[in-house]
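Heads up: the structure comes next, in structure tokens.
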Amino acid sequence: MPVTKILLTYGFMTVVFFIIDLLWLGIFAKGLYQKYLGHLLGEVNWTAAIIFYLIFISGILIFAVLPGIEKSSFLHAVTYGVLFGFFTYATYDLTNLATLKDWPVTIVYIDIVWGMVLSGSVATLGFLFARWLMQGS
């Protein structure tokens, strides 16, 4: 896949990721994190947050979307997107559960499932977008 199409796919995935995650944080889970983690929350460090998101989206692209395109396999992209979300969110939440006082188990379950849904959705749409771009070649 040409670099320009990879970059376009990455840009598309970034927009999709932010829309989906903002819907989750702003509508569906509004108040959830405050309820369970309010005693731990501080001001958002936006620089760190944006760097994390850009790295995370790169991971979905590298480990799910591009291999799916290479194999011409929608199922591969979706499966590896879901697995990427599982492993990354489980790493975060289980590390917090292991090391932070009062990290709620409820958040561990919710967050891991959310990571799977978010990453799987972004991988799915990223794969479809990349395949659409490739058809235009």
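A short reminder: the numbers here are calculations on the coordinates, not readings from a lab. Bear in mind that the values here come from a model prediction, so they are computed numbers and not experimental data. Methodologically, a virtual Cβ is constructed for each residue, glycine included, from the backbone with ideal geometry; neighbour enumeration extends over all protein chains shown.
Within 19 Å of Val113 (Cα to Cα) and either touching a helix residue (DSSP H, G or I) at 6+ places or on another chain (Cβ under 6 Å) or surrounded by 10 or more Cβ atoms within 10 Å (Cβ to Cβ) (or both): does that describe Ile50?
No: the conditions fail for Ile50.
In the set Thr99, Thr95, Thr106, Thr91, which member is among the polar types (S, T, N, Q), surrounded by fewer than 16 Cβ atoms within 10 Å (Cβ to Cβ), in contact (Cβ under 8 Å) with a residue 40 or more places away in the chain and out of contact with any strand residue (DSSP E or B) (no Cβ under 9 Å at 6 or more places or on another chain)?
Result of the check over Thr99, Thr95, Thr106, Thr91: Thr106.
All but one of (1) surrounded by 14 or more Cβ atoms within 10 Å (Cβ to Cβ); (2) more than 12 Å from the chain's Cα centre (by Cα) hold for Val16, so report the exception by its number.
(2)
Taking helices (runs of 4 or more DSSP H) that do not extend beyond region 24-137, which have at least 3 residues that are closer than 22 Å to Leu8 by Cα?
Values: elements: 32-37, 46-60, 66-71, 74-99, 105-135.
It comes to 46-60, 66-71, 74-99, 105-135.
Go through region 38-60 and give me each residue that's of a type outside the set (Gly, Ala, Ser) and within 15 Å of Thr88 (Cα to Cα). Write out each step before concluding.
In the first step, residues of region 38-60 are kept if they are of a type outside the set (Gly, Ala, Ser); the result is 39-41, 43-47, 50-57, 60.
Residues satisfying the conditions are Phe52, Tyr53, Leu54, Ile55, Phe56, Ile57, Ile60.
Looking only at region 64-76, decide whether some residue is closer than 23 Å to Ala130 by Cα, within 18 Å of the chain's Cα centre (by Cα) and of a type in the set (D, E, K, R).
no
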